[in-house]
Structure formats: structure tokens, C-alpha cells
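Laboratory data are not the source of any read-out in this text; all were calculated from the coordinates shown. In this text the structure is predicted, and so the values were computed from the model without any measurement. Virtual Cβ from ideal backbone geometry, glycine too; neighbours counted across all protein chains shown.
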Amino acid sequence: MSSSIDERITSIRSSLPASVRLIAVSKQVPAEAIRLAYNAGIRDFGESRIQEAATKQEQLQDLSDITWHLIGHLQSNKAKKALELFEWIHSVDNLKLAQRLNQLAQQLGISPKVCLQVKILPDANKSGWSVPELLADLTELNQCKFLQIQGLMTIPPLGLSETEIYDVFYSTNQLAQEIQLQNWSNLHIQHLSMGMSGDYQLAVKAGATMIRLGTILFGDRNYNK
Ligand SMILES: *Cc1c(COP(=O)(O)O)cnc(C)c1O
């Protein structure tokens, strides 16, 4: 990519509806590059790993108006640390984890914003609720009063056609609407966290309110580290 982070952000931002929140996925990206994105106007950053996020947040303490989003699978034993580091957790992927976060949020006196990760199609490589599993757990999720359950998050399986990817996003939107119609007291599913570098345009078309972009902003990650 020959253009600068700054130019890429400006160009993508201008192609998005104003209502879509652009989350810059900064996993494996050094703090200096995060700073460049910040200077280009980004205030939402997504990280996958607790320790990596802790290190970078330390280096970026002076940027006090960043909102940090956890987008990677969270192990229960790191739940407390996650709540200390992140305002949003997009990757709540099972009832036990939700209940654990709820209990910790009560103890810490906070009310974190979370998305429930769903798998519209079966995908052995990803965690998350299937649709029937999620519908079955709603009563208990609704009891997690210390969580602000505000959205659904999804990642389509690899290898789908564009139409199939769009269908996954559209079905996620339909599922959110179905849950909203049930009028739960503590489930307010007004956000859809969906769309990555390769498919965000389809996600936006299907109603995404938060897109998570890494590669297209920061360039290829070095997977050999
Ligand atoms: C890495 C990651 C992204 C960003 O992916 P890109 O293809 O680099 O845009 C988005 N969401 C999740 C959950 C990720 O793990």
C-alpha cells in the first residue's frame, strides 16, 4: 500500500455512512502506528489479546479519549483484566463468560458494553452461539444486569461467496431485530459489529453499525512473530 494511514482512513471514512463506527483493529500493530491513526481522527481501537493491549495502552496513556474494544476470544481467567482494559467487549461468546463478566462488573462497580458473538453458519474454527443456542440463553443473558448488552457480533466463515457473506450479515441483522421485538428489559441489541477489511462494504449494506478494520488501514500483519 503506497498511501499513508492518514489517507486510507480519510478515504474509507468518506465512503461510510456517518452512523457507522470505524474501529481500527490494531492487533500486532505498534503503538506508533496507533498514534498515526489517532492523529487521523480514529478514537476506537480493537485488540485481540489482553497482554498486548495492556502494553500498548501503557505506551499511549496520553491519548486519554481512546475507546478500547476487545474483539478476540476471552478466556474466563482473563475476564477481570479485560474489564479493566476495555470499554467494549465484542467477543462475549458463551453464557458462562457473560455471567462471569456480569459478576465481576458488579464487584468492580462498572457496566461494560458488550456484544454477543453469533455464528449464523456452523464454523468449527470460531467460538460463539449458534442462533438456536442464543435464543435459548436470552432469559439468562437478560439477567446479567451489570452488563450493557448492546449488540451482536459476527464473523462469516472463510470461503464464502459475496452473496453468502451478505446473507450472513443480513441474517445477523434480522436476528437482532427479532430479539429487539421480544422487548427484553436488559437486552438492547441496537448495534451490529460486523465487517472486516475484505467484507466491510457488504456488512455496511446489511446494516453494520460498527466495522472492525485492520489490514486495510495498517497493512499486512506479520504473522511470523
Ligand atoms: C483481526 C480481526 C479483524 C480485522 O481483520 P482485517 O481483515 O485485518 O481487517 C476484525 N475482527 C476480528 C474479530 C479480528 O480478529
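Starting with the fewest neighbours, write out ARG49, ARG21 ranked by other beta-carbon atoms found within 10 Å of each beta-carbon.
On the way: ARG49 15, ARG21 18.
With the sparsest Cβ surroundings first, the list reads ARG49, ARG21.
Projecting label points 7 angstrom from Cα along Cα→Cβ for THR215 and GLN143 puts them 4.3 nm apart.
The slack in the chain from ALA136 to GLU87, taken as 0.36 nm per residue of separation less the alpha-carbon distance, amounts to 15.0 nm. Only Cα sites of the chain enter the Debye sum here, all with the same form factor; the resulting log10 I(q)/I(0) across q = 0.09, 0.12, 0.16 1/Å is -0.35, -0.63, -1.15, listed in q order.
In terms of other Cβ atoms within 10 Å, LYS96, LYS27, LYS205 run from fewest to most in the order LYS96, LYS205, LYS27. Evaluating 6.51 cos²θ - 1.76 cosθ + 1.60 at θ = phi - 60° for every residue in the range 189-203, the Karplus couplings come out as 8, 9, 10, 10, 8, 7, x, 10, 3, x, 9, 5, 5, 5, 5 Hz, glycine and proline recorded as x.
So what is the 222 nm mean residue ellipticity for the chain from helices alone, if each DSSP H run of at least 4 adds -39500 (n - 2.57) and you divide by all residues, rounding to the nearest 500 deg cm²/dmol? If you can, show how the numbers build up before the last one.
Values: 9 runs with 93 residues, N = 225.
Helix-only estimate at 222 nm: -12500 deg cm²/dmol.
Only aspartates and glutamates eight or more places from LYS205 in sequence, or on another chain, were considered; those with a Cα closer than 20 Å are GLU162, GLU164, ASP167, GLU178. In a fully extended conformation the segment linking ARG35 and GLN180 would gain 48.5 nm over its present Cα-Cα distance, using 0.36 nm per residue.
What ranking of SER48, SER15, SER91, SER193 emerges when the number of other C-beta atoms within 10 Å of each C-beta is taken as an exposure proxy, fewest first? Don't jump to the answer; show the numbers that get you there.
Working: SER48 17, SER15 11, SER91 25, SER193 28.
Ranked by crowding around the Cβ, least crowded first: SER15, SER48, SER91, SER193.
Between ARG13 and ARG49, what length comes free when the chain is fully extended (0.36 nm per residue of separation minus the Cα-Cα distance, one decimal in nm)?
Values: separation 36, 0.36 × 36 = 12.96 nm, distance 2.59 nm.
Extra length available between ARG13 and ARG49 comes to 10.4 nm.
Residue-wise HN-Hα couplings along the range 75-90, as the Karplus relation 6.51 cos²θ - 1.76 cosθ + 1.60 with θ = phi - 60° gives them from phi, are 7, 4, 5, 10, 5, 5, 4, 4, 5, 6, 9, 10, 7, 10, 10, 7 Hz; Gly and Pro carry x.
Beyond 21 Å between alpha-carbons counts as too far, so tell me which of LYS27/LYS96; LYS56/LYS78; LYS78/LYS113; LYS56/LYS126; LYS96/LYS145; LYS80/LYS113 fall in that bin.
Values: LYS27/LYS96 26 Å; LYS56/LYS78 17 Å; LYS78/LYS113 17 Å; LYS56/LYS126 26 Å; LYS96/LYS145 14 Å; LYS80/LYS113 14 Å.
Violating the 21 Å limit, Cα to Cα: LYS27/LYS96; LYS56/LYS126.
Around the Cα centre of the chain, unit charges on the Cβ atoms of Lys, Arg, Asp and Glu (plus for the first two, minus for the last two) sum to a dipole of about 420 debye.
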